[in-house]
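Notes for the one structure printed next.
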Amino acid sequence: MTASEWRPRTLILQHEAATPAGFIRDWLEKQGAEVEVVRIDQVEPDIDPRAYDLIVSLGSEFAAYDDTKPFVQRECRLLEEAVESEVPILGVCFGGQLLARVLGGQVFHSDRSEVGFFPVRSRDPDLVAEGPWFQWHFDSFTPPPGAELIAENDAGPQAYVIGRSLGLQFHPEVTNEIMEEWVRAFPHELEAEGVDPAELLAETQRRADATREMSRRLLERFRDTIATRNETRASV
């Protein structure tokens, strides 16, 4: 499949108002994708994952192991069904952790949080550049059995590929507007981490062009070498 032929019917799973798809949605719409966004934290949708060519699971302020939040179990079931149906998944931060959990990895509170821009050690720089990528997480995970670890740093795994899916710890979707909203919505987390919000906003703006370029390359490589490889799945 060529880039011009890939117009995926895409389901984006969003977990709160402050965490939209940002650059990822912009890029998908430029591909001609049909994009549907579901606030899975608010509703229990009746979704057949086979109706989609791609599922994107975004970040969340909650933990991927916190089953006291009803939407976590709802999304686990949905991702399990998607994996069984060979629907590609792009998991971002919480989404990457939840995908790892669904596939047999472990998710846990980390003894090393990351809030800010951090480099990664990449085994495939054409897919995942060495950054720095924006991070905002307090949990970590083990890659699921059978996954290929693509990137990591001292805080833990940062990217893995399994089948036609890609799990990420960092945030390729982040934009200046998203960062402004996160700084407004989660100032207590920044204070606890000793991160100056004004400096974080300034750094996000300084790095905006480089971040967009790294994210564009990542998404194109995901499209060309992961999501569309061995594409034999029948549509419903």
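Things worth noting here:
- Ratio Rg/Rh, restricted to region 143-183 and using Cα atoms, in which Rh is the Kirkwood radius: 1.11
- Amide H contacts for Gln158 (H built 1.01 Å from N in the peptide plane; partners 5 or more residues away or on another chain; cut-off under 5 Å): Ala151, Glu152, Asn153.
- Taken one residue at a time, the phi angles of region 8-15 give Karplus couplings (6.51, -1.76, 1.60, θ = phi - 60°) of x, 5, 10, 9, 9, 9, 10, 10 Hz. Gly and Pro are set to x.
- Each Lys or Arg adds one and each Asp or Glu takes one away; over the other residues whose Cβ falls under 13 Å from the Cβ of Leu149, this sums to -1.
- Value of [θ]222 nm, deg cm²/dmol, for the chain, DSSP H segments ≥ 4, -39500 (n - 2.57) each, nearest 500: -9500 deg cm²/dmol
- At 1.002 mPa s and 20 °C, Stokes D of region 83-236 from Kirkwood alpha-carbon radius, µm² per second: 133
- The charge dipole of region 70-161, taken about its Cα centre with unit charges on the Cβ of Lys, Arg, Asp and Glu (plus for the first two, minus for the last two), comes to roughly 200 debye.
- Note on the chain: GNM, Cα springs under 10 Å; of Glu148, Glu191, Glu177, the largest mean-square fluctuation is that of Glu191.
- Electrostatic bookkeeping for Thr10 treats Lys and Arg as +1 and Asp and Glu as -1; over the other residues with beta carbon under 12 Å from its beta carbon, the sum is 0.
- Using 0.36 nm per residue and subtracting the Cα-Cα separation, the extra length available between Asp48 and Ser85 on full extension is 12.3 nm.
- Prolate/oblate/rounded label for region 19-114 (Cα gyration tensor, a/c 1.5): prolate
- Selected from Trp6, Pro119, Val183, residue furthest toward positive end of dipole (the chain; charges at beta carbon): Trp6
- Neighbours of Leu190 by Cβ distance under 12 Å: Lys/Arg scored +1, Asp/Glu scored -1, total -4.
- Treating each Cα of region 58-116 as an identical point scatterer and summing with the Debye formula, the log10 of I(q)/I(0) at q = 0.14, 0.18, 0.19, 0.27 Å⁻¹ comes to -0.38, -0.61, -0.68, -1.25.
Every read-out reported here was derived from the displayed coordinates using simple, explicitly stated rules and does not represent laboratory data. If you're wondering where the values come from, they're calculated on a predicted model, not measured in any experiment. Don't worry about glycine lacking a Cβ; one is built from the backbone with ideal geometry, like all the others, and counts go over all protein chains shown.
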